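The values are calculated or read from the model by the stated rules, or taken from the named source; none is laboratory data. Since this is a predicted model, take the numbers as computed values, not measurements. Glycine also receives a Cβ, built like all others from the backbone with ideal geometry; neighbour counts cover every protein chain displayed. Remember, those area values only see protein heavy atoms, side chains included, never the ligands or the DNA or RNA. Shrake-Rupley method; radii C 1.70, N 1.55, O 1.52, S 1.80 Å.
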Amino acid sequence: MTHSDWSDVRDRLAHLAGKTGAATVAGSTSHRWSLEPPLSAEELAEVEAQLRVELPDEYRSFLRTVGRGGAGPAYGLFPVRRVDGRWRWEGDGADLTDLDTLAQPFPATEAFNPADDLPEPPDEEGYDSVEAFNAAEDAYWEQHDTVVFRPEHSIGLLYLSHQGCALRDALVVSGPARGQVWADDTAEEGGFRPLLDDDGSRVGFARWYRRWLDVAEAQASQTLQESSGYDERRAPQGPHR
């Protein structure tokens, strides 16, 4: 099965939806193992025409053959929908995708943190009054947010999902890292970093999605075994890959 062969995904999600242990998988109460319908060829062409960019192949094939959003890592895949004649992604953090600059290259190839060049936050001991410290702290965080959340840091990134605590994963659509999935950890002062597989290689959309699906199945099965004493690994199963 190639990375772009998604023929097993809907069956695996349906199987998960029927498992008692699936409810313990983080984020599942949000997406409920359900996928929205795929995009038609005409809809996908319209999306790419509006964005002025061709989406990476693995994600493109997922949209065409599996679904336009729904069940996926953490709280699920942001769905792409047509709203007032314009296609856009929806969800908590989906608006971080700048549709007008998505065709511009994301310049990074290595992890970076926009906060690295900022000075240390003010220390209260260095101020004569609470008022002076508060003013300095307010000025610092205003400067911090201006630098860290500058829009140019995320051009060429298509935000895929909300991981919790304002952390998000995004797909590089344009630039030298095109096709890779990166984490946006700026909400926890972590900057941007490419996601890595167990062997240290960069993760693309297919591996990102399938790795989540593998882990979700393992977690659901483990919960079922612990609650019932049933060893599902001994039961006959169809191939998952």
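Considering only R168, R211, R68, the mean-square fluctuation computed in a Gaussian network model of the chain, springs between alpha carbons under 10 angstrom, is largest for R211.
Near Y159, the amide H atoms lying under 5 Å from its own belong to T97, L171; only residues 5 or more places off or on other chains count, and H is placed 1.01 Å from N. Highest mobility in the GNM of the chain, judged by mean-square fluctuation with C-alpha springs under 10 Å and restricted to E188, E46, E217, is found for E188.
For T24, the accessible area of its heavy atoms, probed at 1.4 Å with every protein chain present, is near 90 square angstrom. Computed over the chain, the per-residue total of -39500 (n - 2.57) for DSSP H runs of n ≥ 4 gives a 222 nm mean residue ellipticity of -10000 deg cm²/dmol, rounded to 500.
Is segment 174-222 rounded, prolate or oblate when judged by the Cα gyration tensor, a ≥ b ≥ c being the square roots of its eigenvalues, rounded requiring a/c under 1.5 and prolate requiring a/b larger than b/c? Cα axes put segment 174-222 in the oblate bin. Assign one of three labels to segment 1-135, namely rounded, prolate or oblate, based on the Cα gyration tensor with a ≥ b ≥ c the square roots of its eigenvalues; rounded applies when a/c is under 1.5, prolate when it is not and a/b is larger than b/c, and oblate otherwise. Prolate, since a/c reaches 1.5 and a/b exceeds b/c.
The residues of segment 32-92 present an accessible area of 46 Å² per residue when probed at 1.4 Å with all protein chains retained.
I'd like the carbon and sulfur percentage of the solvent accessible area for segment 1-144, probe radius 1.4 Å, heavy atoms only, ligands and nucleic acids excluded. The C+S portion of the solvent-accessible surface of segment 1-144 is 47 percent. From the Cα gyration tensor of segment 65-199, with a ≥ b ≥ c the square roots of its eigenvalues, which class applies: rounded if a/c is under 1.5, or else prolate if a/b is larger than b/c, or else oblate? It is prolate, given that a/c is not under 1.5 and a/b is the larger ratio.
Under the criterion of Cα pairs below 8 Å and six or more residues apart, the relative contact order for segment 16-120 equals 25 percent. Cut-off 10 angstrom, C-alpha nodes, Gaussian network model of the chain. Which of E36, E120, E131 fluctuates the most? For the chain, modelled as a Gaussian network with Cα springs under 10 Å, the answer is E131. Treating r as the C-beta distance of R193 and D84 and R0 as 45 Å, the FRET efficiency rounds to 0.80.
May I ask you to derive the relative contact order of the chain, considering only C-alpha pairs under 8 Å and at least 6 residues apart, and to give it as an integer percent? Reported as a whole number, the value is 22 percent. Heavy-atom accessible surface of segment 113-163, averaged per residue, reaches 62 Å², computed with a 1.4 Å probe.
When the surface is traced with a 1.4 Å probe over the full set of protein chains, D100 keeps roughly 100 Å² accessible.
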